[in-house]
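The values are calculated or read from the model by the stated rules, or taken from the named source; none is laboratory data. The shown structure was predicted, so the numbers you read here are calculated from the model rather than taken from an experiment. Positions of Cβ are backbone-derived with ideal geometry, glycine not excepted, and every protein chain shown enters the neighbour counts. Accessible surface is based on the protein model in full, side chains and every heavy atom, while ligands, DNA and RNA are left aside. Shrake-Rupley method; radii C 1.70, N 1.55, O 1.52, S 1.80 Å.
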Amino acid sequence: MIRHLNRLYWIGYISVIFGLYWVLHHWFGARSDNAAVAAVCLVVGVLFSAHVGFNISGFTLSYSVRQIPQVRDKGLHFHSTEGEGFHRLSLARWVKAVLVESIASLKLITLLQPWAPNPDGIQLAGKTWRKKKPLPVLLVHGYLCNSAVWAGTRALLDRAEVSTHAITLEPAIGSIRSYSEAIHEAIDELLVATGAPQVKIIAHSMGGVAVRYHATEYGHHRIAGMITIGSPHYGTALSTLGIGKNVKQMAWGSFFLKTLREHPTDREFQQKIWSLWSPQDNIVCPPVSSKLEFGKNTAVPGCGHVALLNDSTTEDLILNWLAEDAQAYPLAENRA
C-alpha cells in the first residue's frame, strides 16, 4: 500500500514539473533547457522546504506537547528527564538535526519507499561457511513505512556478513495485533533459511511495539534479543496527527499499551530489548516514551526520528550488539 501510495506522489511531482516547464517556456519565453532545469529545481526545492517545515514543526511540537500536564503527569517512574540533553544542543546542532532529518525523510518517501528494488525478503550472508556467525536479523519497520526503510541498515549488515530478512507489515493502517502472524512467519522463514537456533530483531518506531505484542502471543524463545530504534513503547502524544487503528493504539497512555505493559510475558521480553532513542525525537512525544522499564536504554542525542536509523552511533551499537553472541551453527539443509 505505502509503496503504491508513494509512487502516486510521483504523478503529482511530474505533473507540476511539466506545468512549470510549460509556463516558463511559453509564457516567460525561457529556453526549453533552462525552463526544464528551473522546473525541476523548483519542485525539488519546494519538496525539501516542505520537509524542513514539517520537521521544524515536529521538533517544536515534541518539546511543547511534553510540557502539557496531561502528558507530563502520566509519565512513569523510569521516564525521568534527567540527562535528557534537550537543552544542551547548540543552535548549530539543532540546525544540523533538522537538515539531516529532512534529507533522510525526503529520501525515504520520494526514493526508497516507492522505488527501492526488492526491499522485502531474505538476504543471506556471503560467508556462510565461517564457523562463528552473527545470528540472522529480522527487520521490522514502523508506521506508514515499508521494508525499504532498511536499505542503509541492510547494506551495513551485508558488509558485516549478517543474514537479514525484511518484511512489510500490512495493512498499513490496521491494528498492531494483526501483525503478529506475519512476524511469526518471518521468523520461521529466517530460521529455515539460515539454520540458526534463534534470530535477533531490529525494529524501528511502531515495529518495536508490534514485536513486543507478538511476543505476548507466540512467546520469545526464538528471539535472542531485539534493538528498537525510536519506538514509542509508552505512546506518543503526536499520534492524534495520524490515521489508522495502529496509530491510535500508540497514543500516549492508550489502553492497548497499558494492557501490553501489564502482560507478564512483556516484562520478560523487555529484558531482551535494547532501546536506542533520541532526546530530540520529532515523532515520539515525549521522547522518553521510548525508554523501557525492564530493558536497556541508550540515548543517541541530536537525531530526528528517521535520521536515528542510520546515525553512525546507532550503526556502531548495532554491529557491537550482533558481535556479542556470534556462534557456530550449521547451515540449513533446505535454504529458502
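Descriptive notes on the structure:
- Selection within segment 260-279 - under 14 Å from V211 (Cβ atoms) and buried (at least 19 other Cβ atoms within 10 Å of the Cβ): L260, D266, F269, Q270, I273, S275
- Checking each residue in segment 282-302 for being hydrophobic (A, V, I, L, M, F, W, C), out of contact with any Pro (no Cβ under 6 Å at 6 or more places or on another chain) and open to solvent by less than 10 Å² (accessible area, probe 1.4 Å) picks out C285, V288, L292, V300.
- Members of segment 51-61 found to be open to solvent by 60 Å² or more (accessible area, probe 1.4 Å) and either at pLDDT 95 or above or among the hydrophobic types (A, V, I, L, M, F, W, C) (or both), listed by number: F54, I56, L61
- Of the candidates A30, A35, the single residue that is surrounded by 12 or more Cβ atoms within 10 Å (Cβ to Cβ), over 34 Å from the mean Cα position of the chain (by Cα) and not in a helix (DSSP H, G or I) is A30.
Yes/no matrix, rows are residues, columns are (1) at pLDDT below 95; (2) crowded, with 20+ Cβ neighbours inside 10 Å; (3) under 29 Å from A224 (Cα atoms):
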position: Q70; (1), (2), (3): yes, no, no
position: R88; (1), (2), (3): yes, no, no
position: A125; (1), (2), (3): yes, no, yes
position: W129; (1), (2), (3): yes, no, yes
position: K133; (1), (2), (3): yes, yes, yes
position: L138; (1), (2), (3): no, yes, yes
position: S175; (1), (2), (3): no, no, yes
position: A182; (1), (2), (3): no, no, yes
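- One residue alone among G174, G225 is part of a loop (DSSP other than H, G, I, E, B), touching a helix residue (DSSP H, G or I) at 6+ places or on another chain (Cβ under 9 Å) and farther than 28 Å from F59 by Cβ, and that residue is G174.
- When residues of segment 236-259 are limited to those that are open to solvent by less than 20 Å² (accessible area, probe 1.4 Å) and either assigned to a helix (DSSP H, G or I) or hydrophobic (A, V, I, L, M, F, W, C) (or both), the one farthest from Q270 (Cα to Cα): S239
- Test for I318: is it open to solvent by less than 40 Å² (accessible area, probe 1.4 Å), aliphatic (A, V, I, L, M) and either touching a residue at least 12 places away in the same chain (Cβ under 8 Å) or within 18 Å of G142 (Cα to Cα) (or both): yes
- Residue match in segment 317-332 (condition: touching a helix residue (DSSP H, G or I) at 6+ places or on another chain (Cβ under 7 Å) and at pLDDT 95 or above): no
- Leading residue by the ranking (farthest from L260 (Cα to Cα)) among those in segment 183-222 that are outside any helix (DSSP H, G or I) and hydrophobic (A, V, I, L, M, F, W, C): A196
- Qualifying residue in segment 264-274 (condition: modelled with pLDDT of 95 or more, basic (K, R) and in a helix (DSSP H, G or I)): yes
- Single residue of S64, S80 found to be out of contact with any helix residue (DSSP H, G or I) (no Cβ under 9 Å at 6 or more places or on another chain), farther than 30 Å from L190 by Cβ, of a type in the set (G, A, S) and modelled with pLDDT under 80: S64
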